[in-house]
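Trainee: This is the structure I want to talk about, given as structure tokens.
The values are calculated or read from the model by the stated rules, or taken from the named source; none is laboratory data. Remember, it's a predicted structure, so these values are computed and weren't measured experimentally. Reconstructed Cβ throughout: ideal geometry from the backbone, glycine too, with neighbour counts over all protein chains shown. For the accessible areas, the whole protein counts, side chains as well, though only heavy atoms, and no ligand, DNA or RNA atoms are used. Shrake-Rupley method; radii C 1.70, N 1.55, O 1.52, S 1.80 Å.
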Amino acid sequence: MLKKRIIPCLDVKDGRVVKGINFVNLKDAGDPVEQAKIYDKGGADEICFLDITASSENRKILLDKVSETAKSCFVPLTVGGGISSIEDIKSLLLAGADKVSINTAAVKNHNFIKESAIRFGSQCIVIAIDAKKIGNNKWEIFTHGGRNSTGIDAIEYAKIAEKNGAGEILLTSMDKDGTKTGYDIELTKAISSLVSIPVIASGGVGNLDHLYEGFNIGLASAVLAASIFHYGEYSIMDAKNYLIKKGIPIRI
Amino acid sequence: MYVSIVDYGTGNLNSVSKALEVAATKVNKKINIRISNKPKDILDSDKIILPGQGSYRQCALGLKNISGLWDSINEFVLIKKKPIFGICVGMQLFSDQGFEEEVTKGFGWIKGAVKKIKLNNKDLKLPHMGWNEVSVVKKNDLFLDIKNLSHFYFVHSYAFEAENINDVICKTDYEEPVVVALLKENIFGTQFHPEKSQENGIKLLSNFLNWNL
């Protein structure tokens with residue numbers, strides 16, 4: 001049976017892991033390479049590395065950090081942040097990323113999803129959606145690390161991303177991110193039940209029950225969390241044991 | 001022993017080479033790993049690894065676009081009869097043909113075709129992505145000391161439909177049983193990614209390095 005995945009996320013700024021509240025007020029949670037090693041040994045099913053300011057500062061991802069991080073990982077590594085060209089994807093894959101997470105560039109140009117999926121395969125194209133609730137069952141997507149509104153409906157966009165060849169959707173609630181009050185379950189469920197590609201729930205995890213809700217109510221294929229793991233509140237194995245007790249299929 | 005990873009512009013070769021480096025430390029042989037697209041290097045090798053990411057068609061075209069590469073792999077496998085390990089689309093290319101994008105010819109070493117996975121259960125997603133249990137259906141040397149139903153990492157939407165059941169050594173359940181490892185004489189391949197499957201994957205790679213025909 002295919003197992004549900006737990007993905008610790010390294011939000012990286014200037015080569016260091018940080019985690020903020022609602023994408024601002026970043027705190028330092030250490031070296032990404034060290035963190036990745038801990039997660040790899042600790043039972044993470046995948047690791048996500050997001051250079052959270054790359055796009056807003058028009059700065060390219062620190063390829064050497066990615067390559068160093070990749071050396072410590074024998075689980076799939078997804079890298080995102082500031083990806084805007086086929087060349088960017090190529091150099092990240094060469095640096096050791098297994099998948100790339102594309103946000104701003106894909107929103108600007110939906111064809112970019114198609115081009116990259118054809119060139120590298122859907123399996124390595126993750127489309128990141130940062131969504132904010134604007135009404136009843138209505139969410140709008142934001143770009144540039146949550147700084148710019150777009151007027152684009154998140155649900156419509158998820159459909160477009162799937163149609164254009166995205167292999168997976170990384171879905172972050174802007175309202176919930178950093179609040180520790182749980183995922184936006186309605187958003188997660190709305191998109192998970194709409195698309196036939198896997199959806200990763202992200203933004204808002206404060207305890208292990210939130211992960212359970214992401215799977216059980218949100219119907220996510222994977223759950224992503226940052227701060228609960230970074231600050232040692234819970235280990236990956238704590239999360240796995242909890243979810244197994246609750247009846248979620250998890251790899252041990 | 002020279003082990004070449006075939007480089008034809010697809011996917012993440014570094015993952016494969018660094019996993020192979022770790023696997024090499026676990027065998028009692030001197031292993032020289034090289035990443036190459038040169039026919040001469042392929043033919044000089046003792047073993048080769050054929051990775052593959054993306055679509056069947058793009059991978060087949062990628063190999064054919066490099067002068068002499070396709071033929072050298074054929075010669076290595078069919079005439080020299082030396083061991084090859086195909087990973088993901090690398091394994092799929094062992095088939096007669098693939099149906100991704102448009103019908104594309106493969107190497108045709110193992111009878112069968114690569115077709116999209118059919119699902120009735122709407123809760124199941126495509127790609128089949130993540131960790132799934134691998135069931136060894138035919139005893140073989142490659143899975144030596146790997147527990148049955150160990151987890152390996154998958155990411156694919158198309159699967160190998162083998163004509164000859166004897167070529168199939170592992171299956172995985174995704175609504176229906178899916179063929180996930182093939183073995184025919186010197187030809188071995190897995191649908192999953194050993195390089196992304198932690199200890200089980202490293203063990204499989206070191207078994208490949210130790211493998212004597």
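Trainee: Can you list the HN-Hα couplings for the stretch B:2-8, worked out from phi with the Karplus curve (6.51, -1.76, 1.60; θ = phi - 60°), rounded to whole Hz and with x for Gly and Pro?
Mentor: 9, 10, 9, 9, 6, 9, 9
Trainee: Taking N as the number of residues in the protein assembly as shown, what is its Cα Rg relative to 2.2 N^0.38 Å?
Mentor: Values: Rg = 21.3 Å, N = 465, 2.2 N^0.38 = 22.7 Å.
The value comes to 0.94.
Trainee: Can you give the charge dipole size of chain B about its Cα centre, rounded to the nearest 20 debye, using +1 on the beta carbon of Lys and Arg and -1 on the beta carbon of Asp and Glu?
Mentor: Values: 27 positive and 24 negative charges, 78 e Å.
The dipole magnitude comes to about 380 debye.
Trainee: Another question about this same structure. Keeping all protein chains in place, calculate the accessible area per residue for the stretch A:126-172 (probe 1.4 angstrom), answer in Å².
Mentor: That works out to 39 Å² per residue.
Trainee: Okay, moving on. Could you state how much accessible area is buried at the A-B interface, both sides summed, with a 1.4 Å probe, in Å² to the nearest 100?
Mentor: Values: alone 10570 and 10020 Å², together 17940 Å².
Using a 1.4 Å probe on protein heavy atoms, the buried area is about 2600 Å².
Trainee: Also, quick follow-up: For chain A, calculate the relative contact order in percent as a whole number, restricting contacts to Cα pairs under 8 Å that are 6 or more residues apart.
Mentor: Working: 570 pairs, mean separation 46.4, N = 252.
It comes to 18 percent, rounded to a whole number.
Trainee: Here is a follow-up. Set Lys and Arg Cβ to +1 and Asp and Glu Cβ to -1, take the dipole of chain A about its Cα centre, and tell me which of A:Ile89, A:Asn207, A:Pro249 lies farthest positive.
Mentor: A:Pro249
Trainee: Rounded, prolate or oblate: which one fits chain A, using the alpha carbon gyration tensor with axes a ≥ b ≥ c (rounded when a/c is under 1.5, else prolate when a/b beats b/c, else oblate)? Please report the intermediate quantities before stating the final value.
Mentor: Numbers: a/c = 1.32, a/b = 1.07, b/c = 1.24.
Rounded is the answer for chain A, as its axis ratio a/c remains below 1.5.
Trainee: Per-residue mean of other chain beta-carbon atoms within 10 angstrom of the beta-carbon, peptide B:195-203?
Mentor: Working: counts 3, 7, 3, 9, 1, 1, 2, 1, 0.
If you average over the peptide's residues, the count of other-chain Cβ atoms is 3.
Trainee: Report the relative contact order of the stretch B:98-168, percent, no decimals, based on alpha-carbon pairs under 8 angstrom and at least 6 residues apart.
Mentor: On the way: 83 pairs, mean separation 28.8, N = 71.
Computed value for the stretch B:98-168: 41 percent relative contact order.
Trainee: Need one number: nm distance between label points at B:Met1 and B:Glu101, each 7 Å from Cα along Cα→Cβ, rounded to one decimal.
Mentor: Distance between the two pseudo-spin positions: 3.4 nm.
Trainee: Place a +1 charge on the Cβ of each Lys and Arg in the stretch A:149-206 and a -1 charge on the Cβ of each Asp and Glu, then give the dipole magnitude about the Cα centre in debye, rounded to the nearest 20.
Mentor: Numbers: 5 positive and 8 negative charges, 22 e Å.
Computed about the Cα centre, the dipole is about 100 debye.
Trainee: With a ≥ b ≥ c the root eigenvalues of the C-alpha gyration tensor of the stretch B:15-86, is it rounded (a/c under 1.5), prolate (a/b larger than b/c) or oblate?
Mentor: Because a/c hits 1.5 or more and a/b fails to exceed b/c, the stretch B:15-86 counts as oblate.
Trainee: Roughly how many debye, to the nearest 20, is the charge dipole of the stretch A:66-202 about its Cα centre, given +1 on each Lys and Arg Cβ, -1 on each Asp and Glu Cβ, and no other charges?
Mentor: On the way: 15 positive and 15 negative charges, 10 e Å.
Here the stretch A:66-202 has a charge dipole of around 40 debye.
Trainee: Shifting gears a bit: Tell me whether the stretch B:26-162 comes out rounded, prolate or oblate; compute the Cα gyration tensor, take square roots of the eigenvalues as a ≥ b ≥ c, and use a/c under 1.5 as the rounded threshold. Don't jump to the answer; show the numbers that get you there.
Mentor: Values: a/c = 2.03, a/b = 1.22, b/c = 1.66.
Oblate.
Trainee: Other chains' Cβ within 10 Å of A:44-53 residues: what's the mean? Can you show the working numbers first?
Mentor: Values: counts 1, 5, 5, 0, 0, 0, 0, 0, 0, 0.
What the average comes to for A:44-53 is 1.
Trainee: May I ask you to list the aspartates and glutamates whose Cα is less than 19 Å away from that of B:Lys116, ignoring any residue fewer than eight positions away on the same chain?
Mentor: A:Glu162, A:Glu168, B:Asp96, B:Glu100, B:Glu101, B:Glu102, B:Glu161, B:Glu163, B:Asp173, B:Glu175, B:Glu176
Trainee: From other protein chains only, count the Cβ atoms within 10 Å of every residue's Cβ in B:118-130, then give the mean. Show your work: numbers first, answer last.
Mentor: Values: counts 0, 1, 0, 0, 2, 5, 3, 10, 5, 8, 2, 13, 11.
That average works out to 5.
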